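Notes for the one structure printed next.
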Amino acid sequence: MPHHLLDQILADPSGQSWAILWREGQDRVELVLGEVEDLDRLRDLPRPGEGAPVLALVPFRQITERGFDAHDDGTPLRVLRPAGPTAYQRIGLEDLLAALPTAPVEVTGERFSVSDDDYARTVERVIEEEIGNGEGANFVIRRDVLAHTDADPATAALTWLRTLLADERGAYWTFAVHTPGHTLVGATPERHVSVRDGRVWMNPISGTFRHPLDDPDGAQLRESFSAFVKDTKETEELFMVVDEEMKMMAQICSDGGRITGPALKQMAHLTHTEYLLDGASEADVRDVLRATMFAPTVTGSPMENACTVIRRHEPDGRGYYSGVLALLDLDEEGGERLDAPILIRTAHVDGSGTITVSAGATLVRHSDPRSEVAETAAKARGMLAALGLRPRRDLGYAVQLASLPGVAEDLAARNESLSPFWLSPQESRPDPLLVGRRVLVVDAEDTWTQMLAHMVRHVGMVADVRRWERVSEPDVADPAWDLVLLGPGPGDPTDLADERIVRLRALVAARLDSGLPTLAVCLSHQVLAALAGLEITKLARPNQGVQLPVDLWGDVRRIGFYNTFVARPPVGELSVAGRPLEVAVHEPDDAVVALRGPGIATIQGHAESVLSRDGLVALHGLLLHALA
C-alpha cells in the first residue's frame, strides 16, 4: 500500500501540522496531516467525522475550566484535524521505522530548571507545610530538564520518535505531534481516560521502581524488585491515586466504577504498578474529559487543593506536561470514542529550539527528599536517552519482572486489604429501611462526596451532592432532607480565617439545631466534635492514606484514613445541641474516630475509600443509626 501521507510529511516536516501515533495493542500506526485550531474550552472540541479523527493537545492550564488554580502560561488548547479525506492513514510500524530519519540530532546545554538541593528543600516544605497541615494526602511537584537544539524541531521529533519506537517498551502511546511553535514527542506509559461503547476506563499508575543502571544480566534487578513490590510507601502511593480516580469514576459512571489489578507496567528504564478502573457511563466524551482533568498521578489529592499547592510550589506553568493528548473518533455505529494518554515522559520543543522534559515525584508523608530527587531524574531518563543525553538501554535487558517467583502472589495480596465493594460489580442492594430516603451531601472541596453518594444510592437512598458555597443554613435545616451528610475536605478545622471552615461550622450547627438526622465525615466530623467542645489537635504523624482497625462500639472495622487533625477524647460526658454523644476512640492515636447520639453519627475515616475493607458495612451502620 502506498504511504502517500508519510511521504508528504517527510517531504516538509516543519512546513505542515501533523501527528504520528502508535497506540498500545494496535498493529498499525496512525498518521494525521491537518489543520490547526486553538479553542478556549473543552466543550468546543469539534465532533470527528468518518475517517477524520480529532486530536486535541490539552495543556495543564485548562484545569482552570474546573475553577482550580494554575499558572497561566498561555499554552493553547489546540486541535489538529485531517485537512481532507486523504489526510488520515494507517501504516505498518515496520514501514514507519524504515522511513523515519536516522541522522543524529545535536542537543546541547542540558540543565535542570531546579537544582537537586532546591528540589529536596521543596519536598521538605511540601511535607511539612502542606501534608503536615492537612492540605492533602499527596502532591506531585515537577522540575524540568532544559536543553537546546539548532535542528529543525519537526525533523528532530521524527528522529527521536524512531528511537523511542525501537528502544522503549510498555508505552501506552508513542507519538510525535508537530504544530506551529509546539512540537511534542514521547512515550507515555499511562492512559488517563478512554470512552467507548458506553464504558469509561481509567488507568492509575504509581509506585516507581528504578532499574539498575549497570546490571547487564539482571541479577541486581531480580534481587531488589521483590522489596519494591512489598514496599509500604510504594503500595500506599498507588492506593491513594486509585482513591482519587475513583472519585472521578463515581461522578461520571452510573455504577461508580470497578477496580481490577494490580499489574506491572514494565518499561526500559522503570517499572510501575497500576490498576485499571472501568464503569458504565452515558456522558458526552467532552464532559468526561473535563470532569477528569487531570490525573492525580501528576497532581495529587484532593485534586482541587493539589492544584493550589502546585501553583504555590512550582515557579511557572506546566505547558502540556501532565495534560493529555485526546483522540476523538467514531465507532462503527457513529458513536464518539475517546482515548487520552497523559503527557508525561515527553519532550516539548518550542519554535526557538528550547527542549523541555518535565518529571515529577509523588510526595507523601514519609517521602525521603533525596529519593524523590532521584525519582525525577529516573523518570526523565527514557526521554533523555532518546535525545542522546543518556545511554540507550541495552535491548538484551529482557528480565520479565511479572514472571519472577512470588511477584504475582505479592501483587494479588495487596487486594486482600481493600474494599470488596469497589473490587466487584456493584449491583444495587437496597435496604428497605433506607429506600427512598433523601440525602443532601455537602461537598467541602473534596470529591470523596461522589463516592459517598454512590454508596448511599447503592443501599436505596436518593442523594444530591452540592458544594458548600451553594448550601445555606435553611437548606440543611429543611426537613425535606431525611439526612444531611456533611463531607470531607482539606485544611485545619479550627481555622476561622477560612471562609469554608466558617460556613461548614454554621451548616453543622444549623442541622444539629434542627434536631434532624446528621452524618459527618472526616473534616465535618472534626467540626462537629469541636462544636461539642472537644479539643482539635494535629497528629505528630499524619494518617494520610493508611488503613487502621478501629473499634466502633464493639465492632472492629478496617477503615481508610486521610487526616492530619483529630479530636481528642473528652473528660467526662459529652453532648452537642442538647443530645448526648457516645465516643469511639482509637487508643494508639488517642483520637476520637467516631461519635454517635440520637440522630447523629460521625466518622473520622473514609468508609467510602478503596482502603476501607469494611467500609460499606460501617457506613450502612452509621446511616441506620442516624436515621433510627
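Tabulated results
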{"item": "Qualifying residue in the range 564-573 (condition: under 30 Å from LEU363 (Cβ atoms), buried (at least 21 other Cβ atoms within 10 Å of the Cβ) and basic (Lys, Arg))", "result": "no"}
{"item": "Filter result for ASP255 (exposed (fewer than 15 other Cβ atoms within 10 Å of the Cβ), more than 25 Å from ASN138 (Cα to Cα) and out of contact with any Leu (no Cβ under 7 Å at 6 or more places or on another chain))", "result": "no"}
{"item": "Matching residues in the range 529-547 - criterion: being touching a residue at least 40 places away in the same chain (Cβ under 8 Å), over 21 Å from ALA510 (Cα atoms) and not β-branched (Val, Ile, Thr)", "result": "LYS538, LEU539, ARG541, PRO542, ASN543, GLN544, GLY545, GLN547"}
{"item": "Strands (runs of 3 or more DSSP E) contained in the range 554-599 and holding at least 1 residues in contact with a His (Cβ under 9 Å, 6 or more places away or on another chain) and not acidic (Asp, Glu)", "result": "555-567, 591-597"}
{"item": "Qualifying strands (runs of 3 or more DSSP E) (wholly inside the range 69-154; at least 1 residues being surrounded by fewer than 16 Cβ atoms within 10 Å (Cβ to Cβ))", "result": "88-92, 108-112, 138-148"}
{"item": "Residue in the range 297-308 that is assigned by TED's automatic domain parsing to the domain that holds PRO204, modelled with pLDDT of 95 or more and surrounded by fewer than 24 Cβ atoms within 10 Å (Cβ to Cβ) present", "result": "yes"}
{"item": "The range 248-279, subset assigned to a loop (DSSP other than H, G, I, E, B) and within 21 Å of LEU338 (Cα to Cα), residue modelled with the highest pLDDT", "result": "CYS253"}
{"item": "Test for ASP38: is it within 27 Å of ILE310 (Cβ to Cβ), part of a loop (DSSP other than H, G, I, E, B), in the same structural domain as HIS192 (by TED's automatic domain parsing) and at pLDDT 95 or above", "result": "no"}
{"item": "Every pair of residues 6+ apart whose Cβ atoms lie under 8 Å, when the first sits in the range 124-147 and is over 26 Å from ALA347 (Cα atoms) while the second is among the charged types (D, E, K, R) and crowded, with 23+ Cβ neighbours inside 10 Å", "result": "GLY136/GLU130"}
{"item": "Test: residue in the range 190-197 that is out of contact with any Pro (no Cβ under 9 Å at 6 or more places or on another chain), in contact (Cβ under 8 Å) with a residue 24 or more places away in the chain and exposed (fewer than 15 other Cβ atoms within 10 Å of the Cβ)", "result": "yes"}
{"item": "Single condition ALA227 does not satisfy, out of (1) of a type in the set (A, V, I, L, M, F, W, C); (2) surrounded by fewer than 23 Cβ atoms within 10 Å (Cβ to Cβ); (3) under 19 Å from the mean Cα position of the chain (by Cα)", "result": "(3)"}
{"item": "Selection count, the range 171-195, where residues are closer than 30 Å to ALA283 by Cα and not in a strand (DSSP E or B)", "result": "4"}
{"item": "The range 494-513: number of residues that are surrounded by fewer than 24 Cβ atoms within 10 Å (Cβ to Cβ) and closer than 23 Å to GLY132 by Cα", "result": "10"}
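Results for (1) over 16 Å from ALA601 (Cα atoms); (2) buried (at least 24 other Cβ atoms within 10 Å of the Cβ); (3) in contact with a Cys (Cβ under 6 Å, 6 or more places away or on another chain), shown as yes or no for each residue.
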{"residue": "GLY515", "(1), (2), (3)": "no, no, no"}
{"residue": "THR518", "(1), (2), (3)": "no, yes, no"}
{"residue": "VAL521", "(1), (2), (3)": "no, yes, no"}
{"residue": "LYS538", "(1), (2), (3)": "yes, no, no"}
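Quick grid of which residues meet (1) modelled with pLDDT of 95 or more; (2) touching a strand residue (DSSP E or B) at 6+ places or on another chain (Cβ under 8 Å); (3) surrounded by fewer than 21 Cβ atoms within 10 Å (Cβ to Cβ):
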{"residue": "GLY360", "(1), (2), (3)": "yes, yes, no"}
{"residue": "GLY396", "(1), (2), (3)": "no, no, yes"}
{"residue": "GLN400", "(1), (2), (3)": "no, yes, yes"}
{"residue": "ALA408", "(1), (2), (3)": "no, no, yes"}
{"residue": "ASN415", "(1), (2), (3)": "no, yes, yes"}
{"residue": "GLU427", "(1), (2), (3)": "no, no, yes"}
{"residue": "VAL439", "(1), (2), (3)": "yes, yes, no"}
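The values are calculated or read from the model by the stated rules, or taken from the named source; none is laboratory data. Just so we're clear, the structure is a prediction, and the values are computed from it rather than from any experiment. Positions of Cβ are generated from backbone atoms using ideal geometry, with glycine treated the same way; all protein chains shown enter the neighbour counts.
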